[in-house]
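Student: Please see the structure below; I have some questions.
The values are calculated or read from the model by the stated rules, or taken from the named source; none is laboratory data. Because the structure is predicted, anything quoted here is derived from the model rather than measured. Positions of Cβ are backbone-derived with ideal geometry, glycine not excepted, and every protein chain shown enters the neighbour counts. The accessibility values were calculated without ligands, DNA or RNA, using every heavy atom of the protein model including side chains. Shrake-Rupley method; radii C 1.70, N 1.55, O 1.52, S 1.80 Å.
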Amino acid sequence: MQNLSVDCVIVTFNKREMLEKSIKAIDDQTYKVGNIFVVNNNSTDNTKDYLDKQQLKDERIVPFNLNKNLGGAGGFNYGIRKCMEISKSDYIWIIDDDAIADRNALLNMIKVADKYSKNNIGFLASNVRWKDGKPAYMNIPSTADDWSLYANENLVKIKSSSFVSMLVAREAIKEVGLPISEFFIWGDDVEFSYRITSSGYLGLFVNNSEVIHFMNDNVGIDIMQEHESNRIKRYFYEYRNSIYNTRIKRGNLGVTKEILKRFFLVFKILTSKNKSRFIKIKAIILGTLSGIVFKPHVEKV
């Protein structure tokens, strides 16, 4: 097997205890990583103090303590850029601060990267599950039309996946650019990974690369179930970004169908006893209108 070098990029915000567990799981991998770049999105807990102390103990841990929250999208843009500037690793392992990787998670992805090195691999995605063992519904990859091409190897060909655990080839990043900072949250990983596969690179779901995602609830993105006003307002990004992603993937017809779905959703909210329904409707309408004209810039390294 080739000696492929791997660095890790984590983005964190106010999850000090989970971050410590996530870093420990990375440190315990049977296939060792090089640097662990941690982007601290202006956390207000003691994340900065923890990272500064860890850096003194282990020089592989490289924290970037930002003075502004750039969101997940901006954080990964920043971290991947810094990783590409500082290191020459073959792969970058992108992972969430509340994701705990099995000891062989990276090794099993590296085995696939090594075996299919001539197949122009763009990224490999872990098998992300919730803490009860069920699939993490927010992190289910989008399969390719010929998804079963590598099924006899316990692999699934995919179009896009989640930043909860994604191993990305350096060469792919050099060609297609960085995650789009302007997304802020939601859909940035889908857009980035789809950009890779639509550029001719291979994306694979690696079944035996297991990662547990410690979300509070194992649910997808569903505005109907949200009750906290600050979280509801964030859905602006979901509806804006998903319209953009639909436009890229399926063109104007896809966007038209998506807009019709949202009309029905607004009607459903209006005719229900759903809490904060006018805040929800505002997020849906403003996000949708913004998505129609949204033209974010893709930054190259």
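Student: Please give the solvent-accessible surface of Leu107 in Å², to the nearest 10, using a probe radius of 1.4 Å with every protein chain present.
Tutor: 40
Student: Treat the range 94-188 as a sphere of radius equal to its Kirkwood radius over Cα pairs and apply Stokes-Einstein at 20 °C in a medium of 1.002 mPa s; give the translational diffusion coefficient in µm²/s, rounded to a whole number.
Tutor: 147
Student: Next question. In what sequence, largest accessible area first, do Val62, Val164 appear using a 1.4 Å probe?
Tutor: The residues order as Val62, Val164, largest area first.
Student: Just how much of Thr47 is accessible, in Å², when a 1.4 Å probe is used and the result is rounded to the nearest 10?
Tutor: 0
Student: Just tell me which lysines come within less than 18 Å, Cα to Cα, of Lys15; anything on the same chain fewer than 8 places away is out.
Tutor: In chain and number order, the partners are Lys24, Lys48, Lys53, Lys68, Lys131.
Student: Are there any GluC sites (Glu not before Pro) in the range 19-94 that are in a DSSP loop and have at most 16 other Cβ atoms within 10 Å? List them by number.
Tutor: Filter output for the range 19-94: Glu59.
Student: Also, I was wondering about something else. Taking all protein chains together and a probe of 1.4 Å, list Phe13, Phe163 from the most accessible to the least accessible.
Tutor: Phe13, Phe163
Student: I've got another one for you. Amide H neighbours of Thr143 under 5 Å, counting only residues 5+ apart in sequence or on other chains, H built in-plane at 1.01 Å?
Tutor: Amide H neighbours of Thr143, under 5 Å, 5+ apart: Lys159.
Student: Note the per residue figure in Å³ for the convex hull of the C-alpha positions in the range 147-249.
Tutor: 132
Student: Moving on. Dipole magnitude of the chain about its Cα centre, charges +1 at Lys/Arg Cβ and -1 at Asp/Glu Cβ only, in debye to the nearest 20?
Tutor: 1080
Student: If you don't mind, another one. Taking the solvent-accessible surface of protein heavy atoms with a 1.4 Å probe, what is the per residue accessible area of the range 140-219 in Å²?
Tutor: Accessible area per residue: 39 Å².
Student: Further question on the same structure: Looking only at Tyr137, Tyr244, Tyr78, which one moves most when the chain is put into a Gaussian network model with springs between Cα atoms under 10 Å?
Tutor: Highest fluctuation among the options: Tyr137.
Student: Follow-up. Considering only C-alpha atoms, what is the centroid distance from the range 194-212 to the range 215-239, in Å?
Tutor: What the calculation gives is 26 Å, centre to centre.
Student: Would you mind working out the magnitude of the charge dipole of the range 80-139 relative to its Cα centre, with +1 at each Lys and Arg C-beta and -1 at each Asp and Glu C-beta, to the nearest 20 Debye?
Tutor: In total the dipole reaches around 220 debye.
Student: Please tell me the relative contact order of the range 7-48 in percent, rounded to the nearest whole number, where contacts are Cα pairs under 8 Å and at least six residues apart.
Tutor: 62
Student: Next question. Report ³J(HN,Hα) in whole Hz for each residue of the range 158-170, in order, from the Karplus equation J = 6.51 cos²θ - 1.76 cosθ + 1.60 where θ = phi - 60°; Gly and Pro get x.
Tutor: Couplings: 10, 8, 8, 7, 10, 6, 4, 7, 9, 9, 10, 6, 4 Hz.
Student: Dividing the convex hull volume of the alpha carbon atoms of the range 183-301 by its residue count, what do you get in Å³ per residue?
Tutor: In the range 183-301, the Cα convex hull volume per residue is 146 Å³.
Student: What is the distance in Å between the Cα centroid of the range 2-30 and that of the range 252-295?
Tutor: Each part's Cα centre sits 37 Å from the other's.
Student: For Met18, Met138, Met1, what's the largest-to-smallest order of accessible area, 1.4 Å probe?
Tutor: Met1, Met138, Met18
Student: Fully extended, how many nm does the chain gain between Asp45 and Lys275 (0.36 nm per residue separation, minus their Cα-Cα distance)?
Tutor: 79.8 nm
Student: Still on this structure, I have one more. Quick check: at a probe of 1.4 Å, how many percent of the accessible area of the range 9-85 sits on carbon and sulfur atoms?
Tutor: Exposed carbon and sulfur together represent 47 percent of the surface.
Student: With a bin width of 10 angstrom, please list the P(r) values of the range 1-109 as percents of all Cα-Cα pairs, from the 0 bin to the one holding the largest distance.
Tutor: Histogramming the range 1-109 at 10 Å steps yields 15, 51, 30, 4, 0 percent.
Student: Next up: GNM, the chain, Cα, under 10 Å: largest mean-square fluctuation among Arg240, Arg277, Arg195?
Tutor: Arg277
Student: Ok, one more. Counting only protein heavy atoms and a 1.4 Å probe, tell me what percentage of the range 133-220's accessible area is made up of carbon and sulfur.
Tutor: The value for the range 133-220 is 49 percent carbon and sulfur by accessible area.
Student: Could you work out the relative contact order of the chain, using alpha carbon pairs under 8 angstrom and six or more residues apart, expressed as a whole percent?
Tutor: 19
Student: What is the set of long-range amide H partners of Val11 at a cut-off below 5 Å, with H atoms built 1.01 Å from backbone N?
Tutor: Val39, Ile95, Asp97
Student: Among Gly200, Gly287, Gly75, which one shows the highest mean-square fluctuation when the chain is modelled as a Gaussian network with alpha-carbon springs under 10 Å?
Tutor: Gly200
Student: Another question, then. Give the residues of the range 87-116 whose amide nitrogen is closer than 20 Å to a point set 7 Å from the Cα of Thr30 in the direction of its Cβ.
Tutor: Under 20 Å, as judged by backbone N against the label point of Thr30, lie 93, 100-116 of the range 87-116.
Student: Principal axes first, then extents: for the Cα atoms of the range 181-236, list largest minus smallest coordinate on each axis, whole Å, largest first.
Tutor: Principal extents (largest minus smallest coordinate, Cα): 41, 29, 18 Å.
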